[in-house]
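This report refers to the structure that appears directly beneath it.
Since every read-out is calculated from the coordinates, none of them should be taken as a lab result. Please read these numbers as outputs of a predicted model, since none were measured by experiment. For neighbour counting, all protein chains shown are included, and Cβ atoms are generated from backbone atoms with ideal geometry for every residue, glycine included.
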Amino acid sequence: MKKFAVVLAGCGVFDGAEITEAVLTLLAIDKAGSSSQCFAPDIEQYHVIDHLHGKPALEKRNVLTESARITRGNIKPMGEFQAYDFDALIFPGGFGAAKNLCSWAYEGDDAKVNPDVEKAVKAMHEAGKPIGAMCIAPVILAILFRGAKLTTGQDPASGGFIEKKGNKNIISDHGQVVIDPVHKLFTTPCYMLDATLSQIAEGTENIVNEMIRGCQILDSCVQR
């Protein structure tokens, strides 16, 4: 059984984690016979969006508190993450990944990654463990890596950013997982494409299963 750390960015596609992607990721992990622990930064959201009207709301919310809505309260602050406790790290999408986990949505080419998120990614990379990202979340990896193969589907803005940061943008379709074996990165487009619920389920299952295979390859190498 492999243990996944799942990083959330709030609750709601426009200002936090994409709820469908988050829940289906947790379901895919469970169906694969693995376990999960969710994390989120204990910080204020970049902003709050009224999802009914699609407009900014004049209020403040906390990323960790909002993420706890998805996990029924079972979540830890990102600062408590320890790479040695987990076999894999995965980021569901939602614009919170580009607003709260990193600043790409509002700083563009000058974007930075939340320090606790960056620390977690670098620790897993140094340990040679799989890191996954879906939807818009691969922009986080684009900031932290160079020469990596990544995908956000067929989106020119995020794809151009991936290339500008010295990585390779791979055009992909529903359910496809782009694997970078050198950096052990796994990415899939999900709602960066016009997708049905079934297509999102396919994408989340595929990326989770590919990451588990990556863990098994790592295990066999260690045993040798």
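Which order results if M134, M124, M1 are arranged by neighbouring Cβ count within 10 Å, fewest first?
Sorted ascending by nearby Cβ count, the order is M1, M124, M134.
Show me the GluC sites (Glu not before Pro) within segment 38-98 that DSSP assigns to loop and that have at most 10 other Cβ atoms within 10 Å of their Cβ.
E59
Rg (Å, one decimal) plus Dmax (Å, integer) for the alpha carbons of the chain?
Spelled out, the Cα radius of gyration and Dmax of the chain are 15.9, 57 Å.
Would you list D173, D42, D15, D180 from fewest to most Cβ contacts within 10 Å?
With the fewest neighbours first, D173, D42, D15, D180 line up as D173, D42, D180, D15.
Quick one: length gained pulling E210 to N62 fully straight, 0.36 nm per residue minus the C-alpha distance?
50.1 nm
Under a 10 Å cutoff between Cα atoms, tell me which one of T204, T196, T20 has the largest fluctuation in the Gaussian network model of the chain.
Of T204, T196, T20, the most mobile in the Gaussian network model is T196.
Let me have the 222 nm mean residue ellipticity of the chain computed from DSSP H runs of 4+ only, each contributing -39500 (n - 2.57), with the sum over all residues rounded to the nearest 500.
Helices in the chain give a 222 nm mean residue ellipticity of -10500 deg cm²/dmol.
Work out the charge dipole of the chain with +1 on the Cβ of Lys and Arg and -1 on the Cβ of Asp and Glu about the Cα centre, then indicate which of H125, V6, H53 is farthest towards its positive end.
Checking the options against the dipole of the chain, the answer is H125.
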